[in-house]
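Working notes for the structure below.
The values are calculated or read from the model by the stated rules, or taken from the named source; none is laboratory data. Keep in mind that what you see is a predicted model, and the values were worked out from it rather than measured. Heads up, the Cβs are rebuilt from the backbone with ideal geometry, glycines too, and the neighbour counts pull from every protein chain shown. Just so you know, the surface numbers come from the protein's heavy atoms only, side chains and all, with ligands and any DNA or RNA stripped out. Shrake-Rupley method; radii C 1.70, N 1.55, O 1.52, S 1.80 Å.
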Amino acid sequence: MKYTKTYFKSMWLAMVMITLVACNDDFLEKLPETEIGSESFFNTEEDLSLYVNSMYNFPGTSIYYDDEGTDNTATTGVREIKLVMTTDASSTTLSGGWDWDPLRNINFFLEHADNADVTDEIRNHYIGIARFFRAQFYMEKVKRYSNVPWHDHVLGTTSEDLYKASDSRETVVQHIFEDYQFAFDNVYTSKVDGAVNKWVVGTYLSRNALYEGTFRKYHSELGLESSANTYLQLAHDVAKEIIDNGGFSLHPDYHNLFENVDLAGNSEVILANISETDIKNAGDTQTVFGGYEMSPARDLIEDYLMIDGTYYSSQPNTDTMTFVEEFQNRDPRLSQTYAFPGWELYYTSTYSPGNTLYVQELKKNFTGYHQIKGFVNDPSNGVQTSIDVPVLRYVEVLLNFAEAKAELGELTQADLDVSINLLRQRVGMPDLTMDVAVDPTQAAKYPQVSNAVLLEIRRERRVEMAFEGRRLDDLNRWAAGKLMEKEPVGMYFSGLGRYDLTGDGVDDIVLLDLVDAVPDPKETNSLGAELIYYKVAEVGNTSANVYLTNGTSGHIIATPERGTFTEPKAYYRPIPASEVQLNPSLEQVFGWE
């Protein structure tokens, strides 16, 4: 079932109504009622539905950009993690994240939901949705600040709790998962596209239980290692229930999931951000291709396996493979995520004349690689603005299940066969087995892990969910932030001269030294197409079109000076200084000032 225009108009109306009823402010201080009054609103199921609809805040196409700044990409943009690593960041310069308006709306609803003349089952469904959003709200706060004040009621202007100290991470997380559990037990199982149901709740519950369990396991600064397995077990148990009872299965076409105008009823999609013509769309999909701030990194390419399941790192001379060579005989998901040699761009744009093999555009501060996952390769504006976004996919449940089992030390081949191997079989890759050998490259990335299968599960997660906005959370919870210090590089070129970038054996571009002139007229290749010329040099030479590591040879340098990831400080964020001035009881953690 896909929502109608009437539904989305009701969502808009809900936002207006709730603004009038609840009256937000910046510090949870406004009085809880205005001229409309809660007694005039919380009377029917429709009232409850309208209110909880106003809490919806799921992402759209932004997920395709949210790996920006991690080891998956290079970026010229301003990302918070980049500021943390490259500047003298402080509670004065990092002022975002301390927004409590959504919590006030949620608590206001919870205080008045009992007024409605509905059955307990109906009431608990909507209370469950509200508590789900409260858990979501607080989980993001815990990820940033670790310790925060817990508020489960609306605060008035004279409330002493406005100035309370932060509660411990243990206390807040306990309340978070009480909310998740209530929601999981009471929210309806019905599958309405774009709406919160039991399985949406369960997927986020499993995701965040895995986050908290692994964070506690690998972050000794918290001193909570002994409780890690509690959350790992919860992540496993909930994922198992979704696997057994959710009725989901993998969609046969991996790439199609990310350029689909109708994900309604899709067997893999647990939650979609649904586009509705003339009412809402999920956002821009075109700049994800490249040329604006973000470009994919070679480091991610190196994690994709060979088509026979062997490690790319076991191949000879991988560091000097050309663009065409590094895409040969690889996991098919690589060419469904990156623009590959021979990929065709179907419409005229700044990147191509259209309906022709795309020749990778090279430019300063970009890797030369382009992202096609989430990019809509269709000239129709109607299609480009009508894409549904798979916010939650069943694959994440399978990955959560396998990782939690492995972290608990209980993983079996049967577990792999109902999780990781389903993902691999979809794209024709060999199964993962319990006797897999350690890949030294993966072991070097994650020195805290000695289990070869767990290393492969981490690889599978990175590959399967590349550019879906999960990488930063994964690096944080695994205490692997140092991986983001590696300078992202792009394609390799052995020296000056001509290169084929489309894989047809015909030259497409020419690399020139700075002293060489571009011929006039430009030369053409054997297909009659003009060659594209780039002048290359080391970083810093403004006359160059492209920077290479050795000046006239090497890898493309994208964004040098990645910065320093200071552990454990960089896994957290400071409470904004202005908020500490308002409430001196708040304390910064792990070296933030």
Quick check, is Asn400 without any contact (Cβ under 8 Å) to a residue 60 or more places away in the chain and in contact with a Leu (Cβ under 7 Å, 6 or more places away or on another chain)? no
Of Gly495, Gly503, which residue is over 30 Å from Arg207 (Cα atoms), open to solvent by 40 Å² or more (accessible area, probe 1.4 Å) and not in a helix (DSSP H, G or I)? Gly503
Would you check which residues across the range 416-464 are polar (S, T, N, Q), within 18 Å of Met306 (Cβ to Cβ) and assigned to a loop (DSSP other than H, G, I, E, B) and list them? Thr433
Select from the range 572-591 the residues that are in a helix (DSSP H, G or I) and loosely packed, with under 15 Cβ neighbours inside 10 Å and list them in ascending order. Ser578, Gln581, Leu582
Of the numbered conditions (1) open to solvent by less than 40 Å² (accessible area, probe 1.4 Å); (2) not in a strand (DSSP E or B), Leu514 satisfies every one except a single condition; which is it? (1)
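To keep it simple, each residue is scored yes or no on (1) farther than 25 Å from Pro59 by Cα; (2) modelled with pLDDT of 95 or more; (3) acidic (Asp, Glu).
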position: Lys373; (1), (2), (3): no, yes, no
position: Asn377; (1), (2), (3): no, no, no
position: Asn381; (1), (2), (3): no, no, no
position: Tyr394; (1), (2), (3): no, yes, no
position: Phe401; (1), (2), (3): no, yes, no
position: Glu407; (1), (2), (3): yes, yes, yes
position: Leu411; (1), (2), (3): yes, yes, no
position: Asp417; (1), (2), (3): yes, yes, yes
position: Ile420; (1), (2), (3): yes, yes, no
Please specify each residue of the range 517-540 satisfying the condition of being charged (D, E, K, R), part of a loop (DSSP other than H, G, I, E, B) and more than 36 Å from the chain's Cα centre (by Cα). Asp520, Lys522, Glu523
Glu361 - would you say it is touching a residue at least 24 places away in the same chain (Cβ under 8 Å), out of contact with any Phe, Trp or Tyr (no Cβ under 8 Å at 6 or more places or on another chain) and among the acidic types (Asp, Glu)? no
Looking only at the range 235-264, how many residues end up being part of a loop (DSSP other than H, G, I, E, B), open to solvent by 30 Å² or more (accessible area, probe 1.4 Å) and either modelled with pLDDT of 95 or more or touching a Lys or Arg at 6+ places or on another chain (Cβ under 8 Å) (or both)? 8
Among what's in the range 74-86 and is touching a residue at least 60 places away in the same chain (Cβ under 8 Å) and loosely packed, with under 15 Cβ neighbours inside 10 Å, pick the residue that is farthest from Tyr64 (Cα to Cα). Thr86
Tally the residues that are part of a helix (DSSP H, G or I), of a type in the set (D, E, K, R), under 23 Å from Ser206 (Cα atoms) and open to solvent by 20 Å² or more (accessible area, probe 1.4 Å), restricting the search to the range 144-182. 3
Within the range 314-330, residues being open to solvent by less than 60 Å² (accessible area, probe 1.4 Å), closer than 25 Å to Thr75 by Cα and not in a loop (DSSP other than H, G, I, E, B) number 4
Got a sec? Which of Phe467, Phe401 is part of a helix (DSSP H, G or I) and open to solvent by less than 20 Å² (accessible area, probe 1.4 Å)? Phe401
Flag for Tyr188 being more than 23 Å from the chain's Cα centre (by Cα) and at pLDDT 95 or above: yes
Is it fair to say Val118 is part of a helix (DSSP H, G or I), modelled with pLDDT of 95 or more and of a type in the set (A, V, I, L, M)? no
Which of the residues spanning the range 174-221 are over 30 Å from Ala570 (Cβ atoms) and touching a strand residue (DSSP E or B) at 6+ places or on another chain (Cβ under 7 Å)? Asp193, Gly194, Trp199, Val200
Can you tell me which residue among Val376, Val383, Val391, Val359 is among the hydrophobic types (A, V, I, L, M, F, W, C), farther than 30 Å from His236 by Cβ and not in a loop (DSSP other than H, G, I, E, B)? Val383
Failed condition for Lys364, given (1) in a helix (DSSP H, G or I); (2) surrounded by fewer than 22 Cβ atoms within 10 Å (Cβ to Cβ), with all others met? (1)
For Ala479, work out the one condition from (1) out of contact with any helix residue (DSSP H, G or I) (no Cβ under 7 Å at 6 or more places or on another chain); (2) surrounded by fewer than 21 Cβ atoms within 10 Å (Cβ to Cβ); (3) not in a helix (DSSP H, G or I) it doesn't fulfil. (1)
Counted residues, the range 458-500 - those being in contact with a Lys or Arg (Cβ under 9 Å, 6 or more places away or on another chain) and closer than 30 Å to Thr524 by Cα: 4
In the range 185-229, which residue that is in a loop (DSSP other than H, G, I, E, B) and among the aliphatic types (A, V, I, L, M) is farthest from Arg123 (Cα to Cα)? Leu224
Number of the condition not met by Glu485 [criteria: (1) of a type in the set (Asp, Glu); (2) surrounded by fewer than 16 Cβ atoms within 10 Å (Cβ to Cβ); (3) under 14 Å from the mean Cα position of the chain (by Cα)]: (3)
Looking at this structure, is Tyr547 part of a strand (DSSP E or B), surrounded by fewer than 17 Cβ atoms within 10 Å (Cβ to Cβ), modelled with pLDDT of 95 or more and out of contact with any helix residue (DSSP H, G or I) (no Cβ under 9 Å at 6 or more places or on another chain)? no
Just for the range 52-76: of the residues that are touching a Phe, Trp or Tyr at 6+ places or on another chain (Cβ under 6 Å) and part of a loop (DSSP other than H, G, I, E, B), which one is nearest to Asn260 (Cα to Cα)? Asp67
